[in-house]
Amino acid sequence: MTPRTILTFALVLELTAVTISDHPASGVATLLLTLLAAGYAWSCWAFPFRPCPSCKGSGRHVSSGLFRGVQLCKRCKATGLKLRRGRAIYNALHRHRTRTRRNR
Amino acid sequence: MTTTENHPTPAESTGGDASVTDNVVHLRPQPAPEQQLDADPRAEIEVAPPVIDAELVDETGAGDVTGSVTLVDQPGGDSVHWVRRLRETERLPIVPDYLKTAQEARATAVWVGKHYAHTTAYHGVRVPLYALKLAVRSPLGALMLAAATGRWVLDMEGRPVRSGAAMRQDAEMYLKLSHQRDARVRTRLIVTGAVLVAVTVGVIVLMSVPDLVPSWILWAGGALMAAALGKYGTPADQPVTSRAVVGAQLQKLTSDVVEKALMVLGIAGINQAMSKNARAIGFTAPITRDGPGWRAEVDLPAGVTAAEVLDKRDKLASGLGRPLGCVWPEGRPDVHPGRLVLWVGDQDMSKARQPAWALRKGEKIDLFKPQPFGTDVRGGWVSLTLMYVAGIIGAVPRMGKTFTLRELLLIAAMDPRSELHTFDLKGTGDLSPLEPVSYRYRAGDDPEDLEYALADLRALRDEMRRRTKVIRELPKDLCPESKVTTELASKKSLGLHPVVVGVDECQVWFEHPDYGKEFEEICTDLVKRGPATGIVLVLATQRPDSKSIPTPISDNAILRFCLKVAGQVPNDMVLGTSSYRNGERATTFSFTDKGIGLLKGVTDETKTVKCVYIDAPSAEKIVARCRAVRVTAGRLTGYAAGLDAAVDDVEAADTLLSDLLNVFGSRDKAWSESLVDALVELRPAAYAAWGELSNGAAKATQLAAALKPFSISTKQVWGTDPATGKGANRMGVERTHIADALTERDGKRKRG
Ligand SMILES: [Zn+2]
């Protein structure tokens, strides 16, 4: 927890509070959205991968033909996992940051 | 810079410089490197570690250097023969110093014992406080323990690896790691659960069955557990126990610190050189422990002398961040003027405990051998031989000058043969402890005191002439160097015993309007010729200038001890001409450096020495012992024996009565002939003619004649012949007659 994250967090909370007091309806919506975002962020932190949408996490495709041939999923290279979009964005940001820091 | 290197030569300084030098070498034909070798005479001497050579070659681009390049520093180890290397090694003592004597060992053991007793008591008193601290911290400890267990169960230490896999989008690896994590968490959950269940069951059983174990065990177990949790919850920077002893500040001295300290001195030469070359200050040896401190040998940048640094000792101490009394820079003019030896002690010299003085008991010593005088900055004893020297002690008032003189005179008093002439011209009685052993003693600067001193000095000059003659006439095998030896001094018949004259505030003598000239003349003579004949003159003054210590005296003095002085003139007056310029500066002492001064002339090199602090009661105790030794040896004479000379008495050279009383010793009556023999031995110069008389009868007649003016007659006395051991009646004298005559004469003098 850097001071900057804490500050951002506090700002978001305050904004939410202000919005709730002014326009209760949109305020509740904002609160819900914030909670949702937080939940998604947490899942990106705790479980960076989600089941592969193509093979539903099994890592293979079972054809519905007569011989029921099994084919490994090419999308997830048979792991059945796919990086969450949020995590991918975070990774990109992180890489960018370390790169610029090194070049400083 | 933490490595040691030899003198930085032009070639091995920075890479930039080196490449420039190398370029020159390449442009010129081959001989260039040889010239470079010759150009710097130091280059041949030094043998730098081979690593530096390798670096040098690398930095300057070994690739384009083809053909032969002569390196300034030749590869290979030092080519000195191994025998020579062995010879130059220093043999460390087999038994450490603190165990050498039984006394030292006992002292060390007592000290160690006391140390641990103190530590135990200190913590014993604080046990309740420690318990309270642990109790307060135990809840936090429990929380932290729970958190740590949680982290362990959830395999948090593996998280960075998994996160890394996610970062690389390495799903395969992540899958593997997740499986591993799952397996771990499963087993760890089981283990933790089992332990928790066991503990809970145990606690419930212990609670429900009252007499299973004694209650004190329960309490002790609970306390132990709470203590363990409290310890676990203790932050690293707030320890439970406080420190019983504060360790000495054994902060290491590093080259960085030394360089920084030298750069803050504001010496232009150092700062300019350092700005051009960060390694302009060279270290000629590793910084090592040396006694209770660190020693650094530094080569200052070219053109800077050690004296410039010595002058700024206080700034150097500030730069090093140590008390002034810890920082002792020394020059080594014998190596070169830019060599600085910096010794940084762990403790302030004026506060450090001085080891026990070997002479504190006042036992008999030999003045012709070195005797411990004081400790140097490293705490080691510095010894000096008081014979064959003439000394000057100088300092501003209240810095321990008189104490130093008193110490020297005490050392002198410990040799029972020595004859002490003590003159305290300040008149405060600081030298009064020496009264019981002094041959001549006066405190004060009244006219009669000065006349007494002058008479004594005249007698001393005559004595010196007599001694020169005696020494000259001695056979060469007895006196090979034409000076007194300890064997010669022991022979009563020769009368060459040590004579030590100590004068405090000697300027009173030399500045006297009437006698000043004569005092100066005699003292100069004594300083020049006295040492070889066994006469030692030690002068102390608080205003060392050409008036208070006449130039011929200060030029010829050998032992010089300079405590804090105010400026260059007094410094050079005490330590000798141009000593200030050579970096021997007693001006850098602070006012807390009492009894600390520069000792010159009697040791190999000028040393900073702290003399022994002997307070008046200890001095009196030492003197009492000295007096006892003298009485046993039959060496108690002069003032101490109640036979002080009156002023005109010395001029008349009439000491017969007092001499007689002296040789009587404890006897009531004695034969005339044995008295005469003793007189000749006591004062060979005065009674030389009597000693040449052929037989006992002649001697008896001579003594009878000499005693006639005092209306003392000789008569038959029973005694034993020391040669044959037979008793006989011969002509002799009774002691009471002599004593009566002496009192009568003294009474007349006083009235007249
Ligand atoms: Zn897939």
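The values are calculated or read from the model by the stated rules, or taken from the named source; none is laboratory data. For clarity, every value in this text was computed on a predicted model and none was experimentally measured. FYI the Cβ positions are ideal-geometry reconstructions off the backbone, even for glycines, and counts take in every protein chain you see.
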Checklist entry - Quick one: B:Val437 ticks every box in (1) in contact with a Lys or Arg (Cβ under 6 Å, 6 or more places away or on another chain); (2) outside the structural domain of B:Arg585 (by TED's automatic domain parsing) bar one, so which box is it? => result (2)
Checklist entry - In segment B:238-351, which helices (runs of 4 or more DSSP H) lie fully inside it and hold 3 or more residues that are over 27 Å from B:Lys610 (Cα atoms) and among the small types (Gly, Ala, Ser)? => result B:268-276
Item to check | Residue that is nearest to B:Pro333 (Cα to Cα) [pool: residues in segment B:606-621 that are touching an Asp or Glu at 6+ places or on another chain (Cβ under 8 Å) and part of a loop (DSSP other than H, G, I, E, B)] | outcome: B:Thr606
Checklist entry - Based on what the data block shows, is B:Asp376 acidic (Asp, Glu), out of contact with any strand residue (DSSP E or B) (no Cβ under 9 Å at 6 or more places or on another chain) and on the phi < 0 side of the Ramachandran plot? => result no
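Against the condition more than 14 Å from every other protein chain (Cβ to nearest Cβ) and either within 24 Å of B:His179 (Cβ to Cβ) or free of Cβ contacts under 8 Å to residues at least 40 places away in the same chain (or both), how does A:His23 come out, does it pass?
Spelling it out, A:His23 is indeed more than 14 Å from every other protein chain (Cβ to nearest Cβ) and either within 24 Å of B:His179 (Cβ to Cβ) or free of Cβ contacts under 8 Å to residues at least 40 places away in the same chain (or both).
Okay, residues lined up against (1) crowded, with 21+ Cβ neighbours inside 10 Å; (2) small (Gly, Ala, Ser); (3) over 15 Å from B:Lys621 (Cα atoms):
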position	(1), (2), (3)
B:Arg406	yes, no, no
B:Ala413	yes, yes, no
B:Thr428	no, no, yes
B:Ser432	no, yes, no
Checklist entry - Right, A:Thr98: more than 16 Å from the ligand (Cβ to nearest atom), β-branched (Val, Ile, Thr) and away from chain B (no Cβ under 14 Å) or not? => result no
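Every residue, every condition in (1) surrounded by fewer than 10 Cβ atoms within 10 Å (Cβ to Cβ); (2) farther than 16 Å from A:Ala46 by Cα; (3) at the interface with chain A (Cβ under 9 Å from one of its Cβ atoms), yes or no:
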{"position": "B:Val161", "(1), (2), (3)": "no, no, no"}
{"position": "B:Ala165", "(1), (2), (3)": "no, no, yes"}
{"position": "B:Leu177", "(1), (2), (3)": "no, no, no"}
{"position": "B:Asp182", "(1), (2), (3)": "no, no, no"}
{"position": "B:Leu189", "(1), (2), (3)": "no, yes, no"}
{"position": "B:Thr192", "(1), (2), (3)": "no, yes, no"}
{"position": "B:Val195", "(1), (2), (3)": "no, yes, no"}
{"position": "B:Gly202", "(1), (2), (3)": "no, yes, no"}
{"position": "B:Pro214", "(1), (2), (3)": "yes, yes, no"}
Next on the checklist: Against the conditions (1) assigned to a helix (DSSP H, G or I); (2) farther than 23 Å from B:Ala236 by Cα, where does B:Leu92 fall short? Just the number, please.
Outcome noted: (1)
Next on the checklist: Checking B:Lys100 against (1) farther than 30 Å from A:Cys44 by Cα; (2) within 14 Å of another protein chain (Cβ to nearest Cβ), only one condition comes out false. Which one?
Outcome noted: (2)
Item to check | Residue match in segment B:355-366 (condition: at pLDDT below 85 and not small (Gly, Ala, Ser)) | outcome: yes
